[in-house]
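Taking it in order: structure first as structure tokens, then the write-up.
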């Protein structure tokens, strides 16, 4: 069985769309926290979690495309784990896979920065990320 790169590409595009939705919800969540709107924030957190689960399902579907075929799994592993900025596709479909993965990575980095900023504002010194950069904590805190 040969790996259907077109299906990989389609699922990656759906996954990218899901991540764009996570980005939108993250922005709205940051605004809700800034307004002190806990009801909206809770609802947005739930919606974001649902979108993250959908994203995980797309990723799982992609990995299932290889089935038990070792050659297909090896090709899929190369497509999914190679650095998309440096990878060279062997055909137009593979190039598109790397392009989608690169756009996805840029968007994920943006979401992480927004999430980190939001977490620091809301949780302050109890933030998962620690104190704001450049803000020194007193000794023993």
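The values are calculated or read from the model by the stated rules, or taken from the named source; none is laboratory data. In this text, all values refer to a predicted model and were calculated from it rather than measured experimentally. With ideal geometry, Cβ positions are generated from the backbone for all residues, glycine too; neighbour counts draw on all protein chains shown.
With the condition kept exactly as written, say whether any residue in segment 56-79 is surrounded by fewer than 14 Cβ atoms within 10 Å (Cβ to Cβ), modelled with pLDDT of 90 or more, farther than 22 Å from residue 8 by Cα and out of contact with any helix residue (DSSP H, G or I) (no Cβ under 6 Å at 6 or more places or on another chain).
no
Just to check your reading of the model, which residue among 29, 25, 12 is crowded, with 16+ Cβ neighbours inside 10 Å, in contact (Cβ under 8 Å) with a residue 60 or more places away in the chain and within 15 Å of residue 111 (Cα to Cα)?
29
In this structure, does residue 7 turn out to be modelled with pLDDT of 95 or more and either loosely packed, with under 12 Cβ neighbours inside 10 Å or over 27 Å from residue 114 (Cβ atoms) (or both)?
Yes.
Could you run through segment 88-112 and say how many residues are in contact with a helix residue (DSSP H, G or I) (Cβ under 6 Å, 6 or more places away or on another chain) and without any contact (Cβ under 8 Å) to a residue 12 or more places away in the chain?
1
Right, residue 133: outside any helix (DSSP H, G or I), closer than 21 Å to residue 17 by Cβ and modelled with pLDDT under 95 or not?
no
Check 111, 100, 106 and return the single one that is modelled with pLDDT of 95 or more and surrounded by fewer than 13 Cβ atoms within 10 Å (Cβ to Cβ).
Every option except 106 fails the conditions.
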